[in-house]
Every structure is written in C-alpha cells, then in structure tokens.
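Have a look at the structure below, then the notes.
The values are calculated or read from the model by the stated rules, or taken from the named source; none is laboratory data. None of the values given here were measured: they were computed from a predicted structure. Glycine also receives a Cβ, built like all others from the backbone with ideal geometry; neighbour counts cover every protein chain displayed. Accessible surface is based on the protein model in full, side chains and every heavy atom, while ligands, DNA and RNA are left aside. Shrake-Rupley method; radii C 1.70, N 1.55, O 1.52, S 1.80 Å.
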Amino acid sequence: MTIHKTLIALALIAGMLMTSCNDYLDIKPKGDKIPETLTDYEALLRGETMLNPIAYMPVLQALYLMNDAQRNKMMLNTKNLTTANYMWDESADRIALNSGSEQFLDFTYSGIACCNLILDGVPQVSGCDENERRELIAYARTIRAYNYLMLVNYYADTYSASTASATLGVPVILSSDPNAHHEQMTVGAIYDFIITEIKDALQNGLPDTAMTILHPSKGAAHAMLARAYLMMGRFDDALTEAEAALTANSALYDWNAFYNANAVNIEKPTSYALMQSPMGYDYCENYFFRHGDGPSTMGQCVPGTNTFAGPNMVLSRGGQFEDGDAKFMARWKKRTQGIDTFYYATLRGAQNMGGVTTVEMYLIKAECLARDGQTDDAMDIVNDIRKTRIRPDKYTDKSASSKAEAMEIIRTLKDNELAMTLIPFMDARRFNAEGTYARTMTKTVDGVTYTLSPNSHLWTMVFPANAMENCGNGSVQQNSK
C-alpha cells in the first residue's frame, strides 16, 4: 500500500474511532467508516490521543539534534538514527538508519489527509448552513497549511529567498483520492501555498473564537503567518502578524504563582513527584493546541531507562536557563541515576508542545523590533515575559546596548521558553542560513569535544524509507543524507 493510501486510511480510522476525556465527540463509526455528515467530518479535527494525527506532532529527532532531549550514555554505542543526530555524526548514513517509518511524517501527513477529506467532502454535505460549511473548510485549510509549514522546516533545507524557487521541499498532497498525483514542490512554492491558504481562510470562515483549542481561530492563523514570515526573513510582515495575534490573545501565564503554589515539591531536592501541568488545553497562552512527543506519557520516565516518552523528556541543556527561572524549575529537576545526570521532567498531563502560543508571538515581535533598531522596545517585551517567570528575588531588568546583544538575549529566552518544541530547531536553521547570527554548537562527552557547524547537512532531516519506497502516484527525492 502506498503512503498516500495508508495515510488516508489512518485519517479515516482516527477520525471515526477516537474519543476524548473531555467529551469533544462521541461518534459511532459508520459501517464503511466514511464520513457522511458535517459532524462526521468535523470529528476528524478532534481528539486528544495518539490516534488523532491532528492533535499530535512528534519531532523527536530534531530534539535530539538540538541536544534538548538527552540520550542515555549507555545507548550512545547503539548505531541508530537517534545516536547519529544526538552525536552530530556527519559520517552516519541516516538514510539507511531511517529504514522504516517515522511518526512525524506519518502523523503530519495523516493530519493532511484528514483535512483533504474535509475539503473534498464538505462542499457536498447537506443538512447544514453555508456558514457552518465555510467554517469547517477554513479550519481544514489552516491546519493543512500549518502541517506543511512544519514539514518543510524538517525535511527540507531552510527558506532562502535566493534559492527557495529551486530547492526541493516536501510532497504536497491536495486530494483525498488515493490515486491522485502529488508533487514534491519547491520550498518557495510551499511557502507561497501556506500563506495563500491561511490568508484565504482568514477571509473566508475562520471565527474569532474557534470551536475548541484544537480548531484554529483568527488569532491562531495570524500567529501561524507570523511564524511563516519569520522563517522567510520577511520581518515587517512577521511583526504585523504577531501584533494581530497578540490583539486576539496577549495573555502570559504567571509561572511565579505556579511555583508558589507548588514550592514544597519543587524545592525538595529528593522529590520527583509529578505535578499537574498548567500547559494543557486551557493554558491561557494557547492559540492552537498540538501535542508534542507523547500526549499520554508526558513527564513519565520509561521504566529501566533514563529516557522519557513524553515531550518534556530528559532535558540536556538545563544549565542554559536563567537563574531563578520558575518555569524551568517547575518543569525539570536535576537528577543522577548511574552514569547519567540529567534534568528529570516533573509535570504530567497535556502540554502544548506542537501548537502556537502567545510567548512565541511576543518573542517574534521582540526580534523584529530589535532588527529594526528598536532595542529598548524589544527589551521591554523580554522583561514583560521575564516578570512572569523569574523569581522576584532574582529578577532585574535586562537591557541591551546593541542590536546583536538584544538578538542574543531574545534568542536565548526563546530557546528556553520553547524548549522541547520544533521552534528552536527552526530558528537555528534560519539563523544559520542568514549567517549574521549563526552558531557552531559544541559539547564534550567523556573528554571528547563534538561540534555541529551551521552548514552541516544534519540540519535537514531525511525522509524515512516508507516515504521513499511507497510514495504513490508521484516521486520523492531525498533532501539530505
């Protein structure tokens, strides 16, 4: 079975069988599992479990490459894709190592298949009014565009205005017909498609307040556009869209208050009891919710290992966080087990690691202002965020005497705020391509120093074998090695 047919089957099964502990839907599957009513189609966009590709966006290999997720030392002798990325092994044959399927590709394209089913089927559905039909179509167009934004920033080289029209991106599937032709479009064409789709959805059906946090509102769409424009280096447009998103929702969560409420557990060195995450479906910073690397296992240690299955996982770079960061201290605690020392995740429950939040928009705005020479205004935004994160006895305002200093402060804060998401990886790629703020990453393991250069081919992930060998009615070329 080709990947196109497989993903459509997954989309149908996920949409018709999944249920939610919040009673988001309760639909009995039809005999042939084909959606018939508007409610059937809308069910494809709901759910909280790993069965639902719309709500799940695992990006584990990027987290290992960034060294955000820590690899168990005993596992470093295992030759696999994870070790190759984590150890920055440019000699590894990652194509051979990625010899099966990959959750990020499977779930993201399954989500696209859900959207294609909606876009092909909903125009013919009866028993609903036109506004309901337009709203569901707008949701599907926005989510599909968002999935392509994430895919093209994972499996293709980062956007560059001078090369985007010639650089191959990812396969673009726009039909629910399993025999339909698909094309591996260029990076530039995919970005043009993403922007057009989201803008059209904004004008044709997206509501100010969405049905659930799994459905994108207008604020979410503006936030997605801000991220896309930032990746393209269109900073004026990114600023405009970030401000539009912040007009819709500008809330910042008070992590100092969370710390105060859980101080006994947080401050007890030997306590690793899991606390309920405040970053769930009702997190005030949410625009659009997507799980990260394991909606049902967040913060849970895999028995017998030092590895986590959830998007908190084992944090490797805890030393990069600011002293007194209440958000950091509430999410991770330093721990040693055997030969491994790591930051153990201490939150459980749903966490928005694959969606879009207000803090990202604030930091996009800050970066755009800093690039325009408005460093004082940029630092005001940084400090507004930090006041909700840094413990009062540790807090002092930050200032920047130059654009470069402001950019470094903003980037560090953003990497920390969005740790365990794809955003630090996406940002690193665009900074590397730009050149001015490129970084060479370094680390020392057992006395040996390793580096990851800004121009390494490792910054582009390889398609898994199932995409290459069963690509359906189209072709796929590898973009990396």
Can you give the net charge of the other residues whose Cβ lies under 14 Å from the Cβ of THR186, counting K and R as +1 and D and E as -1?
-3
Farthest positive-ward along the chain dipole, Cα basis, beta-carbon charges - from LEU239, SER176, TYR344:
TYR344
Kirkwood Rh, Cα Rg: Rg to Rh for the range 389-437?
1.05
Helix axis angle, 218-232 relative to the chain longest principal axis, alpha carbon, degrees
70 degrees
At q = 0.14, 0.23, 0.27 Å⁻¹, what is the log10 ratio I(q)/I(0) for the range 335-415, with the Debye formula run over Cα points and no solvent?
-0.60, -1.04, -1.23
Degrees, to the nearest 10: 187-203 long Cα axis against longest axis of the chain
70 degrees
Here the net charge surrounding SER217, from other residues whose Cβ is less than 13 Å away from its Cβ (Lys, Arg +1; Asp, Glu -1), is -1
Using a 10 angstrom Cβ neighbour count of at most 16 plus a DSSP loop assignment to flag exposed GluC sites (Glu not before Pro), which longest range of the chain is free of such sites?
91-481
The range 85-125-the range 53-72 distance, computed between alpha-carbon centres (Å)
14 Å
Degrees separating the helix 358-371 axis from the principal Cα axis of the chain, which is the longest one:
70 degrees
Based on a Kirkwood Rh over C-alpha pairs, give the Stokes-Einstein translational diffusion coefficient of the range 74-180 at 37 °C and viscosity 0.692 mPa s in µm²/s.
196 µm²/s
Per the Kirkwood treatment, what hydrodynamic radius in Å, one decimal, follows for the range 194-250 from the mean inverse distance over all distinct Cα pairs?
11.2 Å
Net charge within 12 Å of LYS73 by Cβ-Cβ distance, Lys/Arg positive one each and Asp/Glu negative one each, not counting LYS73 itself?
-1
Taking Rh as the Kirkwood radius, which is the inverse of the mean 1/r over Cα pairs, what is the Rg/Rh value for the chain?
0.95
Expected field for LEU252, accessible surface area in Å² at 1.4 Å probe radius, rounded to 10, holds 40 Å²
Give me the log10 of I(q) over I(0) for the range 330-475 at q = 0.21 Å⁻¹, as the Debye formula computes it from C-alpha points; what are the numbers?
-1.36
For the chain, give the magnitude of the charge dipole about the Cα centre (Cβ charges: +1 Lys/Arg, -1 Asp/Glu; no others), in debye to the nearest 20.
1320 debye
Along the three principal axes, how long is the range 153-300 when you take its alpha carbons, biggest first, rounded to the nearest angstrom?
56, 34, 33
Modelling each spin label as a point 7 Å along the Cα-to-Cβ direction, I'd like the GLU469/THR196 distance in nm, to one decimal.
3.6 nm
What does the extension gain come out to for VAL445 and LEU174, with contour length at 0.36 nm per residue minus their alpha carbon separation?
93.0 nm
Per-q log10 I(q)/I(0), the range 91-144, q = 0.27, 0.29, 0.30 Å⁻¹ (Debye; single scatterer per alpha-carbon; no solvent):
-1.00, -1.07, -1.11
